[in-house]
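The values are calculated or read from the model by the stated rules, or taken from the named source; none is laboratory data. Quick caveat: nothing in here was measured; it's all calculated off a predicted structure. Quick reminder, even Gly has a Cβ in these numbers, built from the backbone with ideal geometry, and neighbours come from all protein chains shown.
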Amino acid sequence: MKNKNIMFGMLVLIALAQLTLVSALSIDISMKESFGVGEEIYFDYTITSDVSQEIEYLASVSCPNAPLALLDVKTVSLEANVALTEKHVYMSSVDESIEPQMCDATVGILSPEISEEKSFEIKVNPSFEFNVLICKDLNCAEKTKVFTLNKDIYLDYISEIPSPIITATLTSPDSYTKQLTIPSSIKAEQTGTYTLEVKASKQDYKTITKKIQFGVIEQEADIPYTRIQDIKVIPPEKPKEIPQKSRLYTITSFLIVVLVIILIVYQLYRKKQKDLERELELKTYITNSLARGFTKQQLKQGLLKEGWNKRLVDKAFNNLMEPRKLSKLESLELQNYINNALRRGYKKQQIKQELLNEGWHERQIDEALKNNRML
């Protein structure tokens with residue numbers, strides 16, 4: 001009884017120590033509420049601990065329509081009551097190509113799991129859909145990029161926003177340039193390649209630039225017409241007779257190859273069926289044993305001791321257990337692993353198999369791969 005009390009006391013002390021360790025950590029993020037064109041997107045952060053300890057953490061920024069930076073997990077040794085102050089730079093300069101959006105800055109400690117998040121806005125002008133039309137007729141029923149000499153070329157546009165300000169510059173084959181208004185029409189006075197550069201702008205929107213080339217030829221190609229009855233049909237040569245012995249050998253070889261293929265497919269099918277039967281047997285055993293009060297760890301140790309394949313055992317447990325929802329830090333850690341593997345040239349299926357072997361649930365892996373921006 002005395003030993004039991006001592007052990008209980010030790011467990012309580014360990015639990016209190018872990019609780020103190022978790023509560024001793026704090027994270028603070030300092031940053032602007034918004035960033036505009038030409039500005040550096042960054043944030044300052046501090047991590048403070050009441051006790052000296054080593055931690056793993058990462059700082060990141062997540063935007064729905066902007067590049068995902070490489071996640072860098074850092075390991076640092078914190079001194080008691082001495083703040084770690086760092087700066088995380090997400091983007092050195094906001095350029096015109098970035099769309100307006102809301103983003104999240106996150107600093108997360110992986111173990112013990114603590115995170116701090118702050119939202120900010122990228123304030124830039126939005127883009128809009130704009131396309132130039134080059135046509136053979138005023139109503140643009142026939143669009144083309146090839147015209148014949150001295151014909152009219154009709155220029156028009158379609159825009160997502162009403163009444164944009166349009167400027168257009170046309171460069172002729174002889175390098176002569178002139179300003180145009182669009183919609184309008186021009187006469188194809190030279191043969192060669194024309195270049196049309198069109199800029200569309202409006203207040204509070206990005207300026208859209210389109211550069212299009214079209215050609216002018218002297219006349220359309222004259223393809224001669226030949227009547228069907230004038231076409232001379234040359235009868236095919238009569239195939240050479242294959243010797244009877246050679247034909248028999250060819251048929252026999254073909255049948256042997258087909259038979260070998262059938263046997264291979266059958267063997268693979270049988271192996272797959274056997275694996276499925278073993279997996280079903282394993283799942284049934286695990287389900288029944290869990291219902292009788294055995295723990296997951298006890299079952300794993302027993303199955304491995306009996307010679308069951310570790311990959312098959314892990315897969316059976318994974319498929320039986322409903323996956324819990326990953327925390328934001330775990331999701332970042334999983335995406336970081338996938339990104340690094342993709343950069344090293346690994347295929348999607350290889351990455352999935354490695355993660356399954358590491359004990360990740362198949363649904364968690366599929367969700368991470370589905371949301372990965374590098375795929």
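For the reader, a short list of remarks on this structure follows.
- The residue that is modelled with the lowest pLDDT, counting only those in the range 238-250 that are loosely packed, with under 10 Cβ neighbours inside 10 Å and part of a helix (DSSP H, G or I), is LYS245.
- Residue check, THR167 loosely packed, with under 15 Cβ neighbours inside 10 Å, modelled with pLDDT under 95, of a type in the set (Val, Ile, Thr) and assigned to a strand (DSSP E or B): no
- Just one of (1) outside any helix (DSSP H, G or I); (2) among the charged types (D, E, K, R); (3) over 20 Å from the mean Cα position of the chain (by Cα) fails for ARG373. It is (3).
- Residues of the range 164-181 include at least one that is under 35 Å from the mean Cα position of the chain (by Cα) and not assigned by TED's automatic domain parsing to the domain that holds LEU68.
- Checked against the criterion of being free of Cβ contacts under 8 Å to residues at least 40 places away in the same chain and over 34 Å from the mean Cα position of the chain (by Cα), the range 154-161 contains one or more residues that satisfy it.
- Residue check, ARG270 touching a Leu at 6+ places or on another chain (Cβ under 8 Å) and either hydrophobic (A, V, I, L, M, F, W, C) or at pLDDT 75 or above (or both): no
- LYS87 being basic (Lys, Arg), touching a strand residue (DSSP E or B) at 6+ places or on another chain (Cβ under 7 Å) and in contact (Cβ under 8 Å) with a residue 40 or more places away in the chain: yes
One line per residue, one yes/no per condition, for (1) among the polar types (S, T, N, Q); (2) free of Cβ contacts under 8 Å to residues at least 12 places away in the same chain; (3) assigned to a helix (DSSP H, G or I):
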position	(1), (2), (3)
GLN301	yes, yes, yes
LYS325	no, yes, no
LEU356	no, no, yes
ARG363	no, no, yes
GLU367	no, yes, yes
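- Out of LEU133, LEU149, LEU84, LEU110, sole residue that is in contact with an Asp or Glu (Cβ under 7 Å, 6 or more places away or on another chain) and crowded, with 16+ Cβ neighbours inside 10 Å: LEU110
- Where GLU116 falls short, out of the listed (1) in contact (Cβ under 8 Å) with a residue 40 or more places away in the chain; (2) in the same structural domain as ILE161 (by TED's automatic domain parsing): (2)
- Filter pass, LYS143 being in contact with a strand residue (DSSP E or B) (Cβ under 7 Å, 6 or more places away or on another chain) and at pLDDT below 90: yes
- Residues of the range 179-206 that are without any contact (Cβ under 8 Å) to a residue 24 or more places away in the chain and over 19 Å from ASP137 (Cα atoms): GLN179, THR193, GLN203.
- Subset of the range 119-143 (residues that are part of a loop (DSSP other than H, G, I, E, B) and in contact (Cβ under 8 Å) with a residue 40 or more places away in the chain): LYS123, VAL124, ASN125, PRO126, SER127, PHE128, LEU138
- Candidate set: the range 346-356, residues that are surrounded by fewer than 16 Cβ atoms within 10 Å (Cβ to Cβ) and either at pLDDT below 85 or over 15 Å from MET374 (Cα atoms) (or both); chosen: the one nearest to the chain's Cα centre (by Cα): GLN350
- Conditions (1) at pLDDT below 65; (2) of a type in the set (D, E, K, R); (3) closer than 30 Å to LYS310 by Cα: number failed by ASP275: (1)
- Residues within the range 182-204 that are hydrophobic (A, V, I, L, M, F, W, C) and either more than 17 Å from PHE128 (Cβ to Cβ) or not assigned by TED's automatic domain parsing to the domain that holds ALA141 (or both), tallied: 3
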